[in-house]
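Okay, structure first, notes after.
The values are calculated or read from the model by the stated rules, or taken from the named source; none is laboratory data. Since we're looking at a predicted model, the values are computed, not measured. Positions of Cβ are backbone-derived with ideal geometry, glycine not excepted, and every protein chain shown enters the neighbour counts.
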């Protein structure tokens with residue numbers, strides 16, 4: 001599964017469950033200690049799940065600062081954006097996670113003294129706490145590594161081919177970068193593929209999520225995973241999307257299939273033919 005987030009994002013992540021624990025799930029309260037001066041207390045009517053340093057949330061979640069101080073302004077942040085501020089003691093902020101894209105997000109609560117007119121000073125903070133939103137995924141899918149890490153070594157992949165092995169509509173592809181992994185799962189960059197067959201690529205809301213749009217089809221994909229969602233339906237490319245040299249390399253055959261584009265691998269010529 002996923003490794004601990006990079007240093008500076010979370011110094012320590014400790015989940016203390018209150019209630020009856022069933023496997024890795026709990027429908028009650030959790031206290032999460034981030035790198036800051038006080039903890040964050042989560043309340044939810046649905047399950048909280050904790051898989052190897054990944055706190056997984058779904059449904060309606062409420063959280064409050066686990067701090068009793070008064071006379072301060074409490075500021076609640078989701079993905080770095082201030083969503084709610086109040087001077088009420090021990091305030092509770094309700095978050096509908098279904099309005100967020102599945103994937104990695106952050107929570108933070110700050111205790112602030114002062115005013116906008118006089119100048120504000122942050123007294124204390126929970127620090128940035130990473131969570132994973134998974135409203136459309138089952139626990140089994142999460143355990144299977146849908147949110148798994150990107151490949152950690154380029155030794156897993158062959159060096160780039162010195163010639164273009166992908167042809168589009170009978171012509172050799174004009175590729176920015178040469179293909180890799182000669183064979184039926186030959187990969188080229190997503191940018192090169194979409195530039196030839198048409199469509200658009202959209203990042204967000206994080207750098208671990210991509211959307212590809214083409215002729216009424218939307219494909220959601222993640223670097224490091226072969227699992228994709230085609231117009232909301234789960235599918236598999238047959239080979240992982242690979243992040244190399246600041247590019248996302250996709251298996252041509254699998255990516256073209258979900259986009260409705262025909263391909264054919266010619267073993268004797270060692271070429272992938274793409275027709276559209």
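Take the residues in region 235-252 that are part of a strand (DSSP E or B) and touching a helix residue (DSSP H, G or I) at 6+ places or on another chain (Cβ under 8 Å), then tell me which one is surrounded by the fewest Cβ atoms within 10 Å (Cβ to Cβ).
Going through the qualifying residues, I end up with 236.
Name every residue in region 209-231 that is over 16 Å from the mean Cα position of the chain (by Cα) and outside any strand (DSSP E or B), in order of residue number.
215, 216, 231
May I ask you to list pairs of residues, at least six apart or on different chains, whose Cβ atoms are under 8 Å apart, with the first in region 69-80 being not assigned by TED's automatic domain parsing to the domain that holds residue 111 and the second being surrounded by 19 or more Cβ atoms within 10 Å (Cβ to Cβ) and modelled with pLDDT of 90 or more?
Going by the 8 Å Cβ cut-off, there are no qualifying pairs.
Might you let me know whether region 152-169 holds any residue that is under 26 Å from residue 266 (Cβ atoms), touching a helix residue (DSSP H, G or I) at 6+ places or on another chain (Cβ under 8 Å), modelled with pLDDT of 80 or more and not in a helix (DSSP H, G or I)? If you could, list the steps in order and put the result at the bottom.
We begin by selecting, within region 152-169, every residue under 26 Å from residue 266 (Cβ atoms); these are 156-169.
Pick out the ones that are also touching a helix residue (DSSP H, G or I) at 6+ places or on another chain (Cβ under 8 Å) and you get 166, 168.
Filter again for modelled with pLDDT of 80 or more, leaving 166, 168.
From what's left, not in a helix (DSSP H, G or I): 166, 168.
Yes, the conditions are met somewhere in region 152-169.
Quick check on residue 258: is it within 20 Å of residue 103 (Cβ to Cβ) and touching a helix residue (DSSP H, G or I) at 6+ places or on another chain (Cβ under 7 Å)? Full working, then the answer.
Working: within 20 Å of residue 103 (Cβ to Cβ): yes; touching a helix residue (DSSP H, G or I) at 6+ places or on another chain (Cβ under 7 Å): no.
No: the conditions fail for residue 258.
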